[in-house]
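Data first, discussion second: the structure below is written as structure tokens.
No lab work stands behind these numbers, since they all come straight from the coordinates. All of these numbers come straight from a predicted model, not from anything done at the bench. Every residue, glycine as well, gets a Cβ built from its backbone with ideal geometry; the counts of neighbours run over all protein chains shown.
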Amino acid sequence: MKKRFVVFAGICYLVLLFCSCAPKQNTADNSNTGQDISELDSADSEDPEENTLAPESEETPNGSTEDGSNYGVEEHTAEAYVFNVEGNTMYVDLENPGPRNYPGEGEDRKVAFDISGAEVVQTGISDVNPERDNPVRTAVIVSIDYHMVNGEYIADKITTDGQEHFFIVYMSKGNVTAVSEKKIAVNVTEGDHVGETLEFDLTEWDSGGKVLSIGEAVDISYYTKKGVHYVMSIAVP
């Protein structure tokens, strides 16, 4: 009987011991869990800026954005020959900015510029080249600072000396070596192309009834278009 009582007492003691230890362990676990949550919250609140999304693009000092877009205006400069000016529109040849090689050169490729807001500067002013009220006009050579808007040329500044440059006229003297109704050949002795024998087209020459003969000395003014020499005038000394 005593042995049973001792065994029973031992079992009760173990049960009491286990019950007294279990709450402490749960409390410790709960404490650790609360500490972990607190540490996570603290980490999230330490640097809120790191969790903020950056803007997709930022403006750079040159007027563009980091994503490659550009809202600035691109400026251009070009030399040109002026055909004519009509109101606020100037028509020019950008391909050949110099004097015409022949009448009408470049008319098929002229470009229109809006000059309504352009600054006009005349250079080389002197006694023989006085300041003009309208230096931008037919046959002058200009330098244009411009920009493009929807495919249109907008002039910002126009610079010119205001002097006219028409088509190039050549002068030659020589003796007629051949003559026909539409052409003559001349051995050039003075002026342009000295020492050469040139063939001249007479289709644009108003002879006024004048008849040329072989061996005759002549003074010829002419222009050249696509390799053909067109006579403007012929004088017999």
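Compute the length gained on full extension between Ala235 and Ala217: take 0.36 nm times their separation in residues and subtract their Cα-Cα distance, giving the result in nm to one decimal.
5.6 nm
For Lys226 and Glu119, FRET efficiency with R0 = 25 Å and r from the beta-carbon atoms, rounded to 0.05? Before the final figure, lay out the partial values.
Numbers: r = 38 Å, r/R0 = 1.52.
In this case the efficiency is close to 0.10.
Please list the equivalent ellipsoid semi-axes of segment 76-115, computed as the square roots of five times the alpha-carbon gyration tensor eigenvalues, in descending order and whole angstrom.
17, 12, 8
Going by how many other Cβ atoms sit within 10 Å of their own, how do Val194, Val140 line up, fewest first? Let's see the in-between values first.
Working: Val194 12, Val140 21.
With the sparsest Cβ surroundings first, the list reads Val194, Val140.
Considering only the other residues whose Cβ falls under 14 Å of the Cβ of Ile125, what net charge follows from Lys and Arg at +1 and Asp and Glu at -1?
My count for the surroundings of Ile125 gives -3.
Once label points are set 7 Å from the Cα along Cα→Cβ at both Asn187 and Asn129, what is their separation, rounded to one decimal in nm?
Once both label points are built, they end up 4.2 nm from each other.
Given labels modelled 7 Å from the Cα in the Cβ direction, how far is it in nm from Ala139 to Glu74?
3.7 nm
Quick one: order Met232, Met171, Met90 by neighbouring beta-carbon count within 10 Å, fewest to most. It would help to have the intermediate numbers written out before the result.
On the way: Met232 16, Met171 13, Met90 25.
Starting with the residue having the fewest Cβ neighbours, the order is Met171, Met232, Met90.
Taking the Cβ of each residue in Thr123, Thr177, Thr159 as the centre, tally the other Cβ atoms inside 10 Å and list the residues starting with the fewest.
Values: Thr123 11, Thr177 14, Thr159 18.
Ascending number of Cβ neighbours within 10 Å: Thr123, Thr177, Thr159.
Glu216's amide H: which non-local residues (gap 5+, or another chain) put their own amide H closer than 5 Å, with H modeled 1.01 Å from N in plane and none for Pro or chain starts?
Here Val176 satisfy the definition.
Counting only other residues whose beta carbon sits under 12 Å from that of His229, what net charge do I get with K and R as +1, D and E as -1?
Values: positive: Lys183, Lys225, Lys226; negative: Asp192, Glu196, Glu199, Asp201, Glu204.
Neighbourhood net charge equals -2.
Any idea what diffusion coefficient segment 76-164 gets from Stokes-Einstein, in µm²/s, Kirkwood Rh on alpha carbon pairs, 25 °C, 0.890 mPa s?
187 µm²/s
Subtract the Cα-Cα distance of His147 and Leu94 from 0.36 nm times their separation in residues, and report this length gain in nm to one decimal. Don't skip to the answer; put the middle values down first.
Numbers: separation 53, 0.36 × 53 = 19.08 nm, distance 1.46 nm.
Fully extending the segment from His147 to Leu94 adds 17.6 nm.
Once the Cα atoms of segment 170-235 are picked out, what are the Rg and Dmax in Å?
Here Rg and the maximum Cα pair distance are 10.5, 29 Å.
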